[in-house]
Amino acid sequence: MTYQNFSLSQLQEIDAAHHLHPFTDHKDLRAAGTRIITRADGPFVYDSEGNQILDGMAGLWCVNVGYGRNELAEAAYAQMKELPYYNSFFRCSTPTPVLLAKRLAEIAPSNMNQVFYGSSGSEANDTALRLVRHYWVLEGKPQKNIVISRNWAYHGSTITGASLGGMGGMHAQLNGAVPNIRHVMPPYAFELKLPGESDHDFGLRAAKAVEDAIVEAGPENVAAFIGEPVMGAGGVKIAPESYWPQIQKICRKYDVLLMLDEVITGYGRTGEWFAAQSMGIEADTITTAKALTSGYQPLSALLVGDRIAATLVEKGGEFYHGYTYSGHPVACAVALANLDIIEKEGLIERVRDDTGPYLRKALAEKVGSHPIVGEVRSIGLMGAIEIVKDKETRARFEGEGRGGVAVRDHAIANGMMLRAVGDTMIMSPPLIWTRETIDMACERIVKALDLAERDLRS
Ligand SMILES: Cc1ncc(COP(=O)(O)O)c(C=O)c1O
């Protein structure tokens, strides 16, 4: 049975009858009808109507090498024929997760030499929390179990992920989160910087909120701080330069572990393999997924720092944790081929030296001056555009998120896939984008902004 035998409306009907989607108001979706994406190539996706859309989101922050890569399909096919599956439990392993672990240790920050696999970012964060709490138990400090996180953080959608994250709507639906997780203000200068406050001072103030939370809880009770180097799903919130070095100092001062969630920023997005390297910070765990396989297979890798690994190995006995698909041989084969592409094509250097700086300049020059844009910002190949009614006062359009939705809908209708987080437009395109692709994206974005402004002001 192939989908080509079904019309768009048949697929939409079946979708509405049987398919519950992630992060979706199903009544709305069923009224509007699903957009069905049927194929993709390079930087473009195509829907069932044949519309070509420039994918400004790399799928969901993951297709870093772009679509249509034969090498990845071939790596999966060859591995499936040779050994489609075997587990990594009970003293067994298969070759590809072993080789991938070595490869990850080579590209990761120097204190990261061990890896624990899962299939998603959410699973990897679950592993991270279990590991960090277990670490302190093994170190004889079981009371050290509080984790400090931030409002607007996104750490996944399992109960652990949602509890670690700082999304109010998600917490409300949990009706009982994982205990001992506290949230503080995020380093979101656009909305939280005080009049006259410099970015530098704002970054230090946001870091101080973490310190205050540690002191309030009692450092002897705090296991870790968790953060995305750049808050992605919360709206590409980029911390001022003063923030992360200060967070590192605070964690060291109080002996609090530093957990970085690089599910979005890992594998080249910020112009280094990992954002930890861009920011010069040393973490105890780094959560990675998504671009590890460029989304061609589901795979996550929790990178575990030497401090935790040494305790786990030497004092830990059996760690009662793992997934059927931990170290899945096909996913790991695809990851190895994907890392080869990133390396061979110099995609990280391209982002760092060429397309990253070019995107920043292009957004500033072509998009930043638009009357409904309050700010543009970017780091590497991830960016944000703040939609406002009034450029001077930064007041938003009435109806929270209305500006964002208007721009998003016009963008998609004009061949540009962008996402709206409230009134913030976000982008995170494949790393294969060139200067020409960036120019094309900016043109389409400006057109969407013009059309949205017309609607929003009428
Ligand atoms: C920073 C971060 N952590 C964790 C996750 C969860 O990953 P997954 O959806 O693969 O469970 C995401 C997903 O977007 C993410 O952006």
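Overview of results
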| read-out | value |
| --- | --- |
| Dipole of the chain, positive direction: furthest Cα of 200, 322, 359, with charges on the beta-carbon | 322 |
| Percent carbon-and-sulfur accessible area, the chain, ignoring ligands, DNA and RNA, probe 1.4 Å | 53 percent |
| Per-selection Kirkwood Rh - region 1-108 (Cα, Å, 1 d.p.) | 17.6 Å |
| Computed magnitude of the charge dipole of the chain (debye, nearest 20; Cβ of K, R +1, Cβ of D, E -1) | 420 debye |
| Positive minus negative residues near residue 232 (Lys, Arg vs Asp, Glu; Cβ under 15 Å) | +3 |
| Distance between modelled label sites at residue 439 and residue 159, nm, 7 Å Cα→Cβ extension | 5.4 nm |
| Range of Cα positions in region 239-293 per principal axis (Å), largest first | 36, 20, 14 |
| Ratio of the Cα radius of gyration of region 1-60 to 2.2 N^0.38 Å, where N counts its residues | 1.20 |
| P(r), alpha carbons of the chain - 20 Å bins starting at zero, rounded % | 24, 58, 18, 0 |
| The chain - share of DSSP beta bridges that are antiparallel (%, nearest 5) | 65 percent |
| Whether region 258-365 is rounded, prolate or oblate, judged on the alpha carbon gyration tensor where a/c under 1.5 counts as rounded | oblate |
| Percent RCO, i.e. relative contact order, over the chain, from Cα pairs under 8 Å lying at least 6 residues apart | 19 percent |
| Of 81/315; 102/315; 208/237; 290/361, those spanning more than 29 Å from alpha-carbon to alpha-carbon | 81/315 |
| Charge sum, other residues only, whose C-beta stays under 15 Å from residue 193's C-beta, Lys/Arg counted +1 and Asp/Glu -1 | -2 |
| For region 60-217, convex hull volume per residue from C-alpha positions, Å³ | 204 Å³ |
| Mean Cβ count within 10 Å, highest first, over the residues of peptides 328-339, 147-158 | 328-339, 147-158 |
| Å² of accessible area per residue within the chain, as computed with a 1.4 Å probe and no ligands counted | 44 Å² |
| Ratio Rg/Rh, restricted to region 325-386 and using Cα atoms, in which Rh is the Kirkwood radius | 1.23 |
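The values are calculated or read from the model by the stated rules, or taken from the named source; none is laboratory data. The model shown is predicted, which means the values in this text are computed figures rather than measured ones. With ideal geometry, Cβ positions are generated from the backbone for all residues, glycine too; neighbour counts draw on all protein chains shown. Keep in mind that these areas ignore ligands, DNA and RNA; they rest on the heavy atoms of the full protein, side chains included. Shrake-Rupley method; radii C 1.70, N 1.55, O 1.52, S 1.80 Å.
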